[in-house]
1. If we only count strands (runs of 3 or more DSSP E) wholly inside the stretch 1-116, which ones have 1 or more residues that are away from ligand 1 (no atom under 13 Å from the Cβ) and buried (at least 18 other Cβ atoms within 10 Å of the Cβ)?
2. Which number in (1) within 30 Å of Val109 (Cα to Cα); (2) of a type in the set (A, V, I, L, M, F, W, C); (3) surrounded by fewer than 24 Cβ atoms within 10 Å (Cβ to Cβ) marks the one condition that Cys206 misses?
3. Which of the strands (runs of 3 or more DSSP E) found entirely inside the stretch 287-327 contain at least 1 residues meeting this: more than 18 Å from Ala257 (Cβ to Cβ) and modelled with pLDDT of 95 or more?
4. Inside the stretch 243-277, can you point out the residues that are of a type outside the set (D, E, K, R) and over 20 Å from Asp110 (Cα atoms)?
5. Using the structure shown, decide if Val304 is within 22 Å of Arg23 (Cα to Cα) and without any contact (Cβ under 8 Å) to a residue 40 or more places away in the chain.
6. Take the residues in the stretch 265-294 that are β-branched (Val, Ile, Thr) and without any contact (Cβ under 8 Å) to a residue 24 or more places away in the chain; name whichever of them is surrounded by the most Cβ atoms within 10 Å (Cβ to Cβ).
7. Residues in the stretch 18-49 that are aromatic (Phe, Trp, Tyr) and over 17 Å from the mean Cα position of the chain (by Cα): how many?
Amino acid sequence: TTVALVLAGGTGTRLYPASRADRPKQFLDFGGDGSLLASTVDRVAFADETYVLTGERYADAVREHAPRAGVLVEPAGKDTGPALAYAARRIREQVDDAVLVCVPSDHHVDGDFASVAAHACDVAVGTDGLVTMGVEPTRPATGYGYIEPEGRFEDGGDADTDDGVAPVASFREKPDAETARELVDAGCLWNAGIFAWTPDAFLRECRNTPLTPIVTADDPAEGFARAEAVSVDYAVLERTDDAYVVPATFDWDDLGAWDALERLTDAGLGVEERDGNAVLGDGLTSDASGNVVAGDKHVSLVGVDDLVVAAFDDRVLVVPKDEAQRVREVVSELREEN
Ligand code: GDD
Ligand code: MG
């Protein structure tokens, strides 16, 4: 039984101020076919069952955006590691012979997702390991995980086939800029953040990690309370020696931070290229280029380059575009009121 597990419990910090704690990025609509969450749920229509994994505070919004999916509510917001371990235990109780496809709700995907997912599920069942999808990197991004494949893909060494698979030699989450450059030069792949595994295989690999209590407790909610807040990438992927990577042969991007918008000007998301700037919403630019401008109000830029300017509600954010990941710094300070 193929079970799609859509991750939608994040707070979307880096897309502030469009994304706010009470309306995080998965519920935003970038001019595509509904919200990011709705289009993610559509993307996994191939699965026998679909659950959206989220926190209590977002459960009603999830039901609204994804009426055909089940909602699996995790006990608290502790990042993706505890959430996925908790979900694996719940699904194991409810569904026989499940294989899980875990899908974030902040991706833009174009292409044949279903066949790559079916291949990943076959590999997960065949190897009894953890399966990731690998993307050919195009820049030394610091916001992604990096996969070092053992050799290249089995059927001739290129990632553009749809039936390749390679064991993962090592995994490195969110390296610094210098390390990212080395990893790209060494032929590593980006972790698309989309995983396939059986509940048993995943829970086995959660042993001896910060997630252990969720595996060993009689009551998974009680174990969850004792587990560390940590992403699955740091907690499990960096530790396991039983992972495999399959090539992600679809177009892929992560809409995690504002700089993503300039890569998506032709993606039908409502982002327009205007005089060398990426503009979402109403905006005017003069003698300005390389900027990302987004807002629910009219924004004008004159004589400035390579900035992110985002204006939503009564909030304005300005940050150098190549430091767009740093939005986290200010939002963690605003956390109380945000
Ligand atoms: N249910 C639940 N609970 N979902 C969560 C939680 C949580 O506590 N925290 C985050 N999520 C959801 C987010 O809503 C998002 O859809 C997904 O999990 C991934 O979280 P991100 O915060 O966007 O992760 P990331 O982009 O920094 O990193 C991950 O994805 C990259 C590719 O997009 C990692 O897997 C990287 O290795 C990977 O390269
Ligand atoms: Mg992301």
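The values are calculated or read from the model by the stated rules, or taken from the named source; none is laboratory data. The structure displayed is predicted, hence computed values, not measured ones. Heads up, the Cβs are rebuilt from the backbone with ideal geometry, glycines too, and the neighbour counts pull from every protein chain shown.
1. Qualifying strands (runs of 3 or more DSSP E): 2-7, 49-55, 99-104.
2. So the condition that Cys206 fails would be (3).
3. Counting at least 1 such residues, we get 299-302.
4. Correct list: Ala243, Tyr244, Gly276, Asn277.
5. So Val304 does not fit the description; no.
6. Val293
7. Of the residues in the stretch 18-49, 1 are aromatic (Phe, Trp, Tyr) and over 17 Å from the mean Cα position of the chain (by Cα).
Residues checked against (1) more than 16 Å from ligand 1 (Cβ to nearest atom); (2) of a type in the set (A, V, I, L, M); (3) at pLDDT 95 or above:
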residue: Gly151; (1), (2), (3): yes, no, no
residue: Asp160; (1), (2), (3): yes, no, no
residue: Glu178; (1), (2), (3): yes, no, yes
residue: Val184; (1), (2), (3): no, yes, yes
residue: Ala192; (1), (2), (3): no, yes, yes
residue: Arg207; (1), (2), (3): yes, no, yes
residue: Ala217; (1), (2), (3): yes, yes, yes
residue: Ala227; (1), (2), (3): no, yes, yes
residue: Val236; (1), (2), (3): no, yes, yes
